[in-house]
Amino acid sequence: MTQAWILDGVRTPRGKGKPSGALHDVHPQELVAQLLSALSERTGIAAADVDDVIIGNGDQRDDHGDDIGRLSVLAAGWPVTVPGVTLNRFCGSGQQAVMFGAAGIAAGWQKLVVAGGVESMSRYQPRRTSGRLDGGNAAILQKHALVPQGISADLIASVEGFSRADVDQFALQSQQKAAAAIADGRFAGSMIPVRDGAGRVLLDADEHPRPQTTMESLAALEPSFARSGSKVREPEGISFDQMCIDSYPEIDAVNHVHHAGNSSGVVDGAGALLLSAPDYAKAHGLTARASVRSAAVAAADPVIMLTAPGPASERCLEQAGMSVQDIDLWEINEAFAAVPLKVMRDLKIDPDRVNVNGGAIALGHPIGGTGPMLFQTVLDELERRDLATALVTMCTGGGMATATIIERL
């Protein structure tokens, strides 16, 4: 088995995930296409050498449909001989794309792969849905009391005893760290401007951060999931909150602590990494920045849903023969504040090593696009601090998680 090297990575800025957002009028295929062009320009690779373009996406309907990986290759004007594929592991889709790309290289089946993800959340079409991830299959609800992710996050807070102040304080720190990183230009190395068809810059900086956030402004926000949690649902004839209590009888009620200010932001964006076999990189004079040392997925209870990053990280560490203390920097996706708080508590991770440049609460979470963005953020920061190792982990819908360790070369 050979190593999988990371040659480079690029991402778009994150645009507000609403029709007034700067990226709303850009088709998600075009976001990925601009990343493909940027990777080939930055590294000098021949696009025809790319064995596959693997793109993660959490929606795969409407604008995101019809295999956005392949269509983005065509949109970029790359040779028609370059294939593309799209995958869905919910929020972990982009990270899973990187893991599949690294696995193909490690197995010796591929030599050069682009792996990334995209989500244009402002272009989602309205749908009538309860928010639970059941695929419209009523039979599965007889086996698992599935609830929407936001209520799962509140369930974590209730079981773990995280207060409103706890999650708001974490959210404030995310905003403060992101503001410091932006002011210091720490995202500039990986971010490319998004342009329209005439070449005009539409967006060259993340649009979602709210550096003016305070504990007082967070405290003024109403919980996002209390009303939907108390509503009686069919076919069960009980509320989501009661489903949670029935599944976790150690709590008397669901404490609804999450809101727009301590949950991940709805945004548009895309990111991609260029992965290579060592032999290919050496033969073409390419300098690698890091290697993918270990990768793992894990699954847990689909009701509380968002607790698998801890087990996935432990499995990833075990495969690498490493411990928590061996990881210099952690990126734990901030889907909701309670998620990284639980991972840090369970694994006894030093908070000063976690999301040091802020996370999705401040910057936004473009679902399939987030994973490759996290790799770029942490790799840039490893280089800035002259550190060696990082672990990226994300909770995903359905009670799963992805985890990957990278190491600088």
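The values are calculated or read from the model by the stated rules, or taken from the named source; none is laboratory data. Computed from a prediction, not measured in an experiment: that's the story for all the values here. Glycine gets a Cβ as well: all are built from the backbone with ideal geometry, and neighbour counts include every protein chain shown. Note: areas computed on protein heavy atoms with side chains; ligands, DNA, RNA excluded. Shrake-Rupley method; radii C 1.70, N 1.55, O 1.52, S 1.80 Å.
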Calculated FRET value between THR129 and SER217, using beta carbons and R₀ = 45 Å, to 0.05: 0.90
Selected from THR396, THR370, THR214 as most flexible by GNM, with the chain as the system and alpha-carbon contacts under 10 Å: THR214
Which of ALA220, GLN175, MET191, positive extreme of dipole for the stretch 111-222 (C-beta unit charges): MET191
Karplus-derived 3J(HN,Hα), 6.51/-1.76/1.60, for each residue of the stretch 305-311, Hz, glycine and proline x: 6, 10, 9, 7, x, x, x
Gaussian network model of the chain, Cα within-10 Å springs - most flexible of ALA298, ALA97, ALA362: ALA298
Average accessible surface area per residue within the stretch 225-300, 1.4 Å rolling probe, Å²: 43 Å²
Phi to ³J(HN,Hα) by Karplus 6.51 cos²θ - 1.76 cosθ + 1.60 over the stretch 120-137, Hz, x for Gly, Pro: 10, 5, 5, 9, 4, 7, x, 9, 8, 8, 7, x, 7, 8, 10, x, x, 9
Lys, Arg +1 and Asp, Glu -1 on Cβ, resulting dipole of the chain about Cα centre, debye, nearest 20: 400 debye
Under 11 Å, Cβ to Cβ, from VAL257 - net charge with Lys/Arg +1 and Asp/Glu -1: -3
Derived scalar couplings ³J(HN,Hα) [the stretch 398-405; Karplus, 6.51 cos²θ - 1.76 cosθ + 1.60; whole Hz; x for Gly, Pro]: x, x, 10, 7, 10, 8, 9, 10
GNM flexibility winner over the chain from ARG70, ARG315, ARG385 (Cα, springs under 10 Å): ARG385
Amide H within-cut-off set for ARG293, under 5 Å, with H built and near neighbours excluded: ILE405, ILE406, GLU407
Set of aspartates and glutamates near LYS231 by C-alpha distance (under 19 Å), chain-local residues within fewer than 8 positions excluded: ASP134, ASP154, GLU222, ASP241, ASP246, ASP252
Taking the chain and dividing mean pair separation by its residue count, relative contact order in percent (alpha carbons under 8 Å, at least six apart): 27 percent
Cut-off under 5 Å, modelled amide H: who pairs with GLY397 long-range: CYS91, GLY92
Relative contact order of the stretch 1-94, defined on C-alpha pairs under 8 angstrom at six or more residues apart (%): 28 percent
Residue-normalised accessible area of the stretch 60-146, expressed per residue, 1.4 Å probe, Å²: 47 Å²
Cα long-axis angle, helix 28-43 against the chain (0 to 90 degrees, to the nearest 10): 40 degrees
Share antiparallel - DSSP beta bridges, the chain, percent rounded to 5: 70 percent
Segment ALA205-ASP252, length gained on full extension (0.36 nm per residue, minus Cα span): 12.5 nm
Percent accessible area from carbon and sulfur atoms, the chain, protein chains only, probe 1.4 Å: 50 percent
Relative contact order (percent, whole number), the stretch 1-160, Cα cutoff 8 Å, 6+ residue spacing: 26 percent
Over the chain: helical MRE at 222 nm, DSSP H runs n ≥ 4 each giving -39500 (n - 2.57), nearest 500: -10000 deg cm²/dmol
At R0 = 35 Å, FRET efficiency that the Cβ-Cβ distance of GLU41 and VAL232 yields, to 0.05: 0.05
Answer label for Kirkwood radius over Cα pairs in Å (calculated), chosen among (i) 21.2; (ii) 34.2; (iii) 22.5: (i)
Environment charge of MET322, counting only residues whose C-beta is closer than 12 Å and scoring Lys/Arg +1, Asp/Glu -1: -3
Pairwise centroid distance, computed over Cα atoms, of the stretch 215-256 with the stretch 155-193, Å: 24 Å
Net charge of Cβ neighbours under 14 Å - reference ALA97; Lys, Arg +1; Asp, Glu -1: -1
